[in-house]
1. Against the condition modelled with pLDDT of 90 or more and more than 14 Å from Val7 (Cα to Cα), how does Pro57 come out, does it pass?
2. When Val104 is evaluated against the numbered criteria (1) β-branched (Val, Ile, Thr); (2) at pLDDT below 95; (3) surrounded by 11 or more Cβ atoms within 10 Å (Cβ to Cβ), which criterion, by number, is the only one it fails?
3. Inside the stretch 68-94, can you point out the residues that are at pLDDT 90 or above and of a type in the set (S, T, N, Q)?
4. Given the conditions (1) in a loop (DSSP other than H, G, I, E, B); (2) modelled with pLDDT of 95 or more; (3) surrounded by fewer than 19 Cβ atoms within 10 Å (Cβ to Cβ), report the number of the one that Ala36 does not fulfil.
5. Counting just the residues of the stretch 1-33 that are part of a loop (DSSP other than H, G, I, E, B) and in contact with a Lys or Arg (Cβ under 8 Å, 6 or more places away or on another chain), which one comes out surrounded by the most Cβ atoms within 10 Å (Cβ to Cβ)?
6. Enumerate the pairs (first residue in the stretch 70-81 and touching a residue at least 12 places away in the same chain (Cβ under 8 Å) and outside any loop (DSSP other than H, G, I, E, B); second residue anywhere and surrounded by 12 or more Cβ atoms within 10 Å (Cβ to Cβ) and among the acidic types (Asp, Glu)) with beta-carbon separation below 9 Å, excluding pairs fewer than 6 apart on the same chain, so at least 6 apart or on different chains.
Amino acid sequence: MATITLVEDDVPTRQRLVAALTESGYTVLADVGNCALARAALSERAPDVLLVDLGLPDGSGLELIAQSRQQHPDTEIMVITVFGDERHVLAAIVAGPVDDRPGVGNGA
C-alpha cells in the first residue's frame, strides 16, 4: 500500500482522514496541520502521496505542492480544499498535481 503525508489544518477532518486511510491499509507517514510541519515531514521522507489542503494557517498548500514537486518528483499529489473557485483550482494544477492516466487530467 502507498505511504501518505496528510496536510490538513482542521483537526476533526484530519483525524477522520487518518482513520479512513489507515483502515484502508495505507501508511500515514505524517499528519500535520500547517506548512512548517509539512515542510519538515517532506524533508524527512518522501511519501508516495501528498494529500494537501490549500488553505493553511501559515501559508498555502500551493507552496507545499511546489516543494514536493522539486524534492520528490515521483510523489503523487492530491488536493483537498473548500476552495472550489476557478482561481484556486487552476493555481493548484499549475503548481503540480498531475493525473497521468490516459485521457484523464493532464495525461495524454
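The values are calculated or read from the model by the stated rules, or taken from the named source; none is laboratory data. Note that the structure is a prediction, hence the values are computed from the model and not measured. Using ideal geometry, Cβ is built from the backbone for each residue, glycine included, and neighbour counts are taken over all protein chains shown.
1. Details: modelled with pLDDT of 90 or more: yes; more than 14 Å from Val7 (Cα to Cα): no.
No; evaluated as a whole, the condition is false for this residue.
2. Failed condition: (3).
3. Answer for the stretch 68-94, where residues must be at pLDDT 90 or above and of a type in the set (S, T, N, Q): Ser68, Gln70, Gln71, Thr75.
4. Unmet condition: (1).
5. Taking the stretch 1-33 first, the residues part of a loop (DSSP other than H, G, I, E, B) are 1-2, 8-10, 24-26, 33.
If we keep only those that are in contact with a Lys or Arg (Cβ under 8 Å, 6 or more places away or on another chain) as well, we get 8, 33.
Working: Glu8: 25, Gly33: 19.
Looking at the filtered set, the residue picked out is Glu8.
6. Glu76/Asp48; Glu76/Asp99; Val79/Asp53; Ile80/Glu8; Ile80/Asp53
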